[in-house]
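A.B. asks: If you scroll down you'll find the structure; I have some questions about it.
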Amino acid sequence: MPDIFFVIGSKGGVGATTLATHLATKFAKDGATLLVDGDLSGRRAGAVIFNAIAKLDARRAQDDFPLAEVAPNLMLYELAGSIHDGFTIKPDKVEQFLRTVSDQTKTVIVDAAQPFAAAVRPFAVRAAHFVLVVEPSMLGVTGARVMQLELLKFGVPESRLSAAIVAKDTRGRVPSSEIERALKLKVAGEIPPTDDKRFEKAVIGLADRLAGAPKAAELLVLQPSAATPLGERRMTDRAKSNGATDGQQQRSADVVTDRQRLNRAELKAKIHREVSRRIDLAAIGANADPLRVEELRTEVERAINESVANQPLGSAEEVARLRQEIMHECLGLGPLEELMSDTDVTEIMVNGPDRIYVERRGRIELSGMHFNDAHQLRLVIERIVAPLGRHIDEAVPMVDARLADGSRVNATIEPLSIDYPTITIRRFAKDRLRTEDLIAKGSLTPEIADLLRAAVEARLNIVISGGTGSGKTTLLNVLSGYIPPNERIITIEDAAELQLHQDHVVRMEARPANVEGRGAIPIRELVRNSLRMRPDRIVVGECRSGEALDMLQAMNTGHDGSLTTVHANTPRDCLSRIETMVLMAGFDIPVRAIREQVSSAIDVIVQTSRLRDGSRKVTSITEVVGMEGEIISTQELLRFDQHGLDKEGKLAGNFVYTGVQPNFLHRFEEYGISFEIERLSQMQLAVTNW
């Protein structure tokens, strides 16, 4: 494999192309050299400099690889002769070309106008040295620093990155020592303008210094193709030469893959231990001083870069991925960071270091991600709860928290979690779902949405009932959007999840006890306090305990139009659960009195369910109509009838209307709410109400 040198300008017009062409000419005196014009915009600067446009165009018409000899021992390879070529060139084609010429070329100089483009990557992952061309001005140094950081993120070790100063103008020149201090890089050479007599000597000196740099083969495990790492290819070729069967070859490849995975995990753990030894990672996120936290982050980045630079790693892309994973482990949520960036993941469930499950589109599956050990898992938990003023230890082994993006977190440690610490993260979409989104997903129909809209506008008290993960909070968000903007809304939650877009909203969140067991403010106190805040609507994220009594009293004392959710599997179970929660308030209230309170306070129960195929639907809308003796009387208005599964494994069924006319229609008339009951009658009728 030839020695590959990347030349990158810190900004346009800095002289990187000029330097690259002269370096190529110098190296050509010592052996076969290839100059790669990596500009994908079709400027063809290399072809212009060597007057080789006609040669390259002629080769392009005959060959997939436009290659032309422009000087003794110097070939010019042009990635793109036009903008169209730049858009359509394939990295695997470049990979094939590089393998073809590698045996006949001693040195490759890449003029990398776009160093992160996919078509240039086959050269980047094998490069022995990266030369950052800097103009000695404040603007030039600033641009160089930005490019340097991008190269480090891409996976270029600092040990292979150096600077070359191209002095086109001496006015306002920044001294080399200041440039080295700003970039923390050694200046490999200072190149005067091309019309200076010292230019040729400076280029020769730079080439000599670069030629003495470590070779790519010593630093990289080269990958001849994206699909087949070199080590795996060698073992497979050896198996074939020995007459191994396809099954034996597959087992050999599996052994190599497992060994590579193990070596990678050991290497990552080694680097992580080195960083942990040098820096107190527990202080990141828990420290109240933002300046100190930022200092720690900078120290971590430096420690990781130094550790990675001293390790035998794979391609630049592999280095970048490894660096990013370690950064996540040191500064963020470790392997959970990648899952948190996946918009399809709605729930993350960590049962231990090696068992991380996710829910995608209603289906639970093993993610394949894992923590290094239980200690790292515990560190992530502490990193989540510390900035929120929460605490978790053996005395308080369970905590509820909220991430910066609004995701709800529950964490437990020993002695509650017998085997390992656990984390459960409920994620919410950044953009609040609208009614149209639920209709498109099949969660409800336009007729059902219109009925719920009218019920909210007519200030009916609505309870959304459903099991865990059935979409209660999502539906509550949608229904709250129907509340008129001129009303004062008080929201009360255990962990703030609601995303109301009205202007006149007061958000309140319960507070757990502190380390000493004091200072807790439960939802019930917030509900009672909200009555003194002149609310038009009270929205409680979830009733779980004695706050149900206060909620019922609020609904019965002029605060119509309130909304809340309850964990229950059916509308009838919802009523029983509310009755039980009222008893949990600690008052000796007769059951009949409780039921009378419930029947007069609640108007509608909306049942949501997560079905077998993972979909979430409104499965019933039930009206509470009063009391019949000792029993609360209800009537179902709409429901979802299931009919098994279709060919794609999706649940088949229909939303049907029971034919019952709601008693609350008079409320629509009183409030002047437009609603056509005929829309419901146009739906499919239920065969029976039983």
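A.B. asks: Applying a 10 Å radius around every beta-carbon, put 670-680, 90-100 in order of their mean neighbour count, most first.
C.D. replies: 90-100, 670-680
A.B. asks: Tell me the label-point distance for the pair T343, D393, using the 7 Å Cα-to-Cβ offset, in nm and rounded to one decimal.
C.D. replies: 4.3
A.B. asks: Let me ask another. What does the extension gain come out to for E670 and R592, with contour length at 0.36 nm per residue minus their alpha carbon separation? Before the final figure, lay out each step's value.
C.D. replies: Numbers: separation 78, 0.36 × 78 = 28.08 nm, distance 3.02 nm.
Additional length available on full extension: 25.1 nm.
A.B. asks: Roll a 1.4 Å probe over the protein heavy atoms and report the accessible area of H501 in Å², nearest 10.
C.D. replies: Answer for H501: close to 130 Å² accessible.
A.B. asks: Check which residues have an amide H placed less than 5 Å from S137's amide H, if you skip close sequence neighbours.
C.D. replies: Excluding prolines and chain starts, which carry no amide H, the hits are V174.
A.B. asks: Alpha carbon centre of the stretch 76-133 versus the stretch 465-503: separation in Å?
C.D. replies: 54
A.B. asks: Determine the gain in length on full extension of the stretch K441-N654; use 0.36 nm per residue of separation and subtract their C-alpha separation, reporting nm with one decimal.
C.D. replies: Details: separation 213, 0.36 × 213 = 76.68 nm, distance 1.38 nm.
So the extension gain works out to 75.3 nm.
A.B. asks: Also, I was wondering about something else. Considering the dipole of the stretch 383-492 built from charges on the beta carbon (Lys and Arg +1, Asp and Glu -1) around the Cα centre, which of T422, A455, S443 is farthest to its positive end?
C.D. replies: Positive-end residue among those listed: A455.
A.B. asks: With a Förster radius of 56 Å, plug the Cβ-Cβ distance of T194 and L403 into 1/(1 + (r/R0)^6) and report the FRET value to the nearest 0.05. Kindly include the intermediate steps, with their values, before the conclusion.
C.D. replies: Values: r = 55 Å, r/R0 = 0.99.
Once rounded, the FRET efficiency stands at 0.50.
A.B. asks: Additional query: How high is the FRET efficiency from E299 to R534, r the C-beta distance, R0 56 Å, rounded to 0.05? Spell out each step's value before the answer.
C.D. replies: Values: r = 51 Å, r/R0 = 0.91.
With R0 = 56 Å, the Cβ-Cβ based efficiency is 0.65.
A.B. asks: Next question. Please find the FRET efficiency linking R507 to N410, where r is the Cβ-Cβ separation and R0 is fixed at 25 Å, and quote it to the nearest 0.05. Numbers along the way, then the final one.
C.D. replies: Numbers: r = 20 Å, r/R0 = 0.81.
Working from the Cβ atoms, E equals 0.75.
A.B. asks: Give me the distance between the Cα centres of the stretch 616-690 and the stretch 36-55, rounded to whole Å.
C.D. replies: Rounded to whole Å, the Cα centres lie 71 Å apart.
A.B. asks: Now a separate question. Using modelled backbone amide H atoms (1.01 Å from N, in-plane), which distant-in-sequence or interchain residues come within less than 5 Å of Y657's amide H?
C.D. replies: Those qualifying (amide H under 5 Å, at least 5 residues apart or on another chain) are Q684, L685, A686.
A.B. asks: Quick one: net charge of D39's neighbours, Cβ under 13 Å, K/R +1, D/E -1?
C.D. replies: Numbers: positive: R43, R44; negative: D37, E78, D85, D111.
Overall, the nearby charge balance is -2.
A.B. asks: Run the quick spin-label model on I521 and D92: label points 7 Å from Cα toward the beta carbon, then report their separation in nm to one decimal.
C.D. replies: Roughly 6.1 nm, to one decimal.
A.B. asks: Summing +1 for each Lys or Arg and -1 for each Asp or Glu, what net charge is found among the other residues whose Cβ lies under 11 Å from the Cβ of T21? Spell out each step's value before the answer.
C.D. replies: Numbers: positive: K26; negative: D37, D111.
Result for the neighbourhood of T21: -1.
A.B. asks: Run the simple label-point estimate for I418 and T570 please: 7 Å along Cα→C-beta, distance reported in nm.
C.D. replies: 3.3
A.B. asks: Return a whole-number percent for the relative contact order of the stretch 543-624, with Cα pairs under 8 Å and 6 or more residues apart as the contact set. Each step should come with its number before you reach the end.
C.D. replies: Values: 92 pairs, mean separation 24.9, N = 82.
The value is 30 percent.
A.B. asks: ³J(HN,Hα) across the stretch 433-440 via Karplus (A = 6.51, B = -1.76, C = 1.60, θ = phi - 60°), whole Hz, x for Gly/Pro?
C.D. replies: These are the phi-based 3J(HN,Hα) values: 5, 10, 4, 4, 5, 5, 5, 5 Hz.
A.B. asks: Once amide H atoms are built 1.01 Å from N in the peptide plane, which residues 5 or more positions from R402, or in another chain, come under 5 Å H to H?
C.D. replies: Residues meeting the criterion, in which the H sits 1.01 Å from N, are V409.
A.B. asks: Next up: Rounded to the nearest 10 Å², what accessible area does V7 show when all protein chains are kept and the probe is 1.4 Å?
C.D. replies: The accessible area comes out at roughly 0 Å².
A.B. asks: Apply the Karplus curve 6.51 cos²θ - 1.76 cosθ + 1.60, θ = phi - 60°, to the phi angles in the stretch 400-409 and return the couplings in whole Hz, x for Gly and Pro.
C.D. replies: Once θ is set to phi - 60°, the couplings for the stretch 400-409 become 10, 8, 9, 7, 4, 7, x, 5, 8, 10 Hz.
A.B. asks: In addition: Given an 8 Å cut-off on Cα distances and at least 6 residues of separation, report the relative contact order of the stretch 25-181 as a percent. Mind dumping the intermediate values first?
C.D. replies: On the way: 211 pairs, mean separation 37.0, N = 157.
It rounds to 24 percent for the stretch 25-181.
The values are calculated or read from the model by the stated rules, or taken from the named source; none is laboratory data. What you see is a predicted model; the values in this text were computed from it and never measured. All Cβ positions, glycine included, derive from the backbone under ideal geometry; neighbour counts span all protein chains shown. Areas reflect the complete protein model, heavy atoms only, side chains present, ligands, DNA and RNA absent. Shrake-Rupley method; radii C 1.70, N 1.55, O 1.52, S 1.80 Å.
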